[in-house]
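The values are calculated or read from the model by the stated rules, or taken from the named source; none is laboratory data. All of these numbers come straight from a predicted model, not from anything done at the bench. Quick reminder, even Gly has a Cβ in these numbers, built from the backbone with ideal geometry, and neighbours come from all protein chains shown. The accessibility values were calculated without ligands, DNA or RNA, using every heavy atom of the protein model including side chains. Shrake-Rupley method; radii C 1.70, N 1.55, O 1.52, S 1.80 Å.
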Amino acid sequence: MAWDRLMEEHVMPMAPAPLPRPCHVLVLAPHPDDEVFGCGGTLALWAQSKVPATVHILTDGSAQMPLGESCSGRRAESEAAADIIGYGTPRFWGLPDRGLRYGEGLVRRVLKVIEECGADWVLAPALSELHPDHQVLGLATAEAVRRLQGDRILAFYEVSAPLQPNLLIDISSTEEIKHRAMRCFVSQESVEPYGERIRGLNRYRAYSLGARCRAAEAFFHTHARDLLHGLWALPRSWLDGRAACRAAVDSADIPMISVIVRSMDRPSLREALQSLADQTYPNIQVVLVNAKGGRHSPASVRQPHWDWVFVDGTEPLGRSRAANVGLQNAQGRWILFLDDDDVLLPDHLDKLAQALRDNPSHLAAYTGVRVVDEKSAPLWAYERPFCLERLLAANFIPNMAILFDRVLVDERCCRFDESLDVLEDWDFLLQLARYTDFLYVPGISAIYRYGIGQSGLSRGRREEFYRRHRARVMEKWFHRLGLEALDGALDALSQETDHLRGELERLRRELDETRREKAQAEARYEEALTQERQQRIEREAAVERLEALSRNAFNELEEARIRLSVLEARLQEAEARLHGMESSRIWKATYPVRYCAHKLKKALGLV
């Protein structure tokens, strides 16, 4: 037992490993340049050894492009680097930079690529990487290799953060090739000297390999069979750090959520799906059920990491039937319903999933919902702690508010009652409540649009229609639960009525106060409007005075110009006559007389 220390060889490889000789290598890179920064030297060694390699680059790298430059520049840089290294031409997926999220769709696509090229060595970024795209790709690749199994190696490489390696490859002979390839990424070098940083990392990796090794690349590699029980079966180190931060270290830490959308193909469907695309929880299966029947518009909003199921049909489906069809196609551990006229706020699924993960004794969790009208004006909110008796009296949990475990469907056989045209969601919640308490998560994170649905209950609440179906549901459940449940429900209903009366009185007071404030605001508005009109009249009078002064000044200016023109003409005429006189023979001949007369006048003091 080591007790307080480990020998060096138990911490770090102390000699470079012989170059592996796989049948085919697959390198998965999140951005254009990671394939070179992370394993370019080893790729060059494999290229020199004639080992076939395929490189897939998932995102367009747009987030790191200088302003005004297109993503095609980064693609060209990777292609130029590939020519220098000699592995061939990279494949580009073109997904949005910083947009990779873990999900069934991404795992399946990675799995398909591994199968298509027959790779027995798969390289991906380590989960210890700083960039979120790197972490997501590493997690998805590990899950794909775990599912495929076979004689296959998964090797994590490092780019932005050193990993704890169990494999060091000496790249001294290809260091200069890698350096030339890194110089191809001109757009990135203008942001930061990445080439210099990576070269320093490679030099550091030679630390434990002796004086003859000048540079090395580090990997953590494992066989597919070691992934049968997930990454937790591997040595921990940086995995523990992820767990301490409540980040996933295995696909089991991100259970898939199935969101069932019963669609009538209304215009509001796009907004509902967009609210799913905006969710911060990544692993989502969308089950879109064509409840309208016949031709359904293609869904224009989806994410590449979604697992997407479209259940089509020629016949219209009632609400209960459509819900059960959705349950039949749901594959997630947790399930939630979203009608095509409602929306979820971005953290809705995330906070409910966290609540269920942190409280494993509960099989269902719900949160608050804001009710709005057709113009999105707020009406009221559903945000009450759970009480079974209150639920027996009336439903206070809209269907998009609750996330529940599929165990309730698979093992407890909870299904929608297809004999109910409406209030089927209330009946379904009562079924769930027989087997689990509902965990209430405070806060509002969903929007229920009141008045545009097709259940027939929201438009003016057709009272007789509603009461008839409510009586059916209550009769069904009171028959099952007995008189004691009835007494509890009646007490809860009485309390709810008192609460509603209090709320109504409060709302009336608020309405009266709002009306007073409105009247005061209208009076202030009229006063301000009168002042504005008076100011406008005064401004118009001032403008008229200024315009009159301007016209007078302009007229005087024109008259002055005319007088000036006349005087200039007279001056020119006088100058012409003077010039003519001075140029005449008589003027010249009488010059001596004029000269003597001038002298005489001067002598007499007349000048």
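Quick check on this structure: which one of SER320, SER297 is touching a residue at least 24 places away in the same chain (Cβ under 8 Å), among the small types (Gly, Ala, Ser) and farther than 25 Å from CYS413 by Cβ?
Exactly one residue qualifies, and that residue is SER297.
Show the residue pairs meeting these rules: Cβ distance below 7 Å; 6+ apart or different chains; first residue within region 138-152 and surrounded by fewer than 20 Cβ atoms within 10 Å (Cβ to Cβ) and assigned to a helix (DSSP H, G or I); second residue basic (Lys, Arg) and at pLDDT 95 or above.
Pairs that qualify, where the first residue is surrounded by fewer than 20 Cβ atoms within 10 Å (Cβ to Cβ) and assigned to a helix (DSSP H, G or I) and the partner is basic (Lys, Arg) and at pLDDT 95 or above: there are none.
Quickly run through region 72-89 and pick out the residues that are buried (at least 20 other Cβ atoms within 10 Å of the Cβ) and either free of Cβ contacts under 8 Å to residues at least 12 places away in the same chain or in a loop (DSSP other than H, G, I, E, B) (or both).
Answer for region 72-89, where residues must be buried (at least 20 other Cβ atoms within 10 Å of the Cβ) and either free of Cβ contacts under 8 Å to residues at least 12 places away in the same chain or in a loop (DSSP other than H, G, I, E, B) (or both): just TYR87.
Can you tell which of ALA489, ALA548 is at pLDDT 80 or above and small (Gly, Ala, Ser)?
ALA548
For PRO378, state whether it is open to solvent by 50 Å² or more (accessible area, probe 1.4 Å), under 28 Å from the mean Cα position of the chain (by Cα) and of a type outside the set (D, E, K, R).
Yes: the conditions hold for PRO378.
Give the residues of region 406-448 that are under 16 Å from GLY326 (Cα atoms), out of contact with any strand residue (DSSP E or B) (no Cβ under 6 Å at 6 or more places or on another chain) and open to solvent by 10 Å² or more (accessible area, probe 1.4 Å), sorted by residue number.
VAL407, ASP410, CYS413, ARG415, PHE416, ASP417, GLU418, ASP425
Among the helices (runs of 4 or more DSSP H) confined wholly to region 168-261, which include 1 or more residues that are more than 26 Å from GLU79 (Cβ to Cβ) and at pLDDT 95 or above?
Ranges flagged: 194-205.
Considering only residues of region 449-463 that are among the small types (Gly, Ala, Ser) and either touching a Gly at 6+ places or on another chain (Cβ under 9 Å) or surrounded by fewer than 15 Cβ atoms within 10 Å (Cβ to Cβ) (or both), which is modelled with the highest pLDDT?
Here the residue is GLY451.
Output the qualifying pairs, or none if there are none: Cβ atoms under 6 angstrom, residues six or more apart or on different chains, first residue in region 22-47 and of a type outside the set (A, V, I, L, M), second residue open to solvent by less than 10 Å² (accessible area, probe 1.4 Å) and part of a loop (DSSP other than H, G, I, E, B).
If the second residue must be open to solvent by less than 10 Å² (accessible area, probe 1.4 Å) and part of a loop (DSSP other than H, G, I, E, B), the pairs left are HIS24/ALA119; HIS31/GLY61; PRO32/GLY61; ASP33/PHE185; GLY41/ILE171.
Collect the residues in region 595-607 that are surrounded by 10 or more Cβ atoms within 10 Å (Cβ to Cβ) and either at pLDDT 75 or above or within 60 Å of the chain's Cα centre (by Cα) (or both), keeping them in residue-number order.
TYR595, CYS596, ALA597, HIS598, LYS599, LEU600, LYS601, LYS602, listed by residue number.
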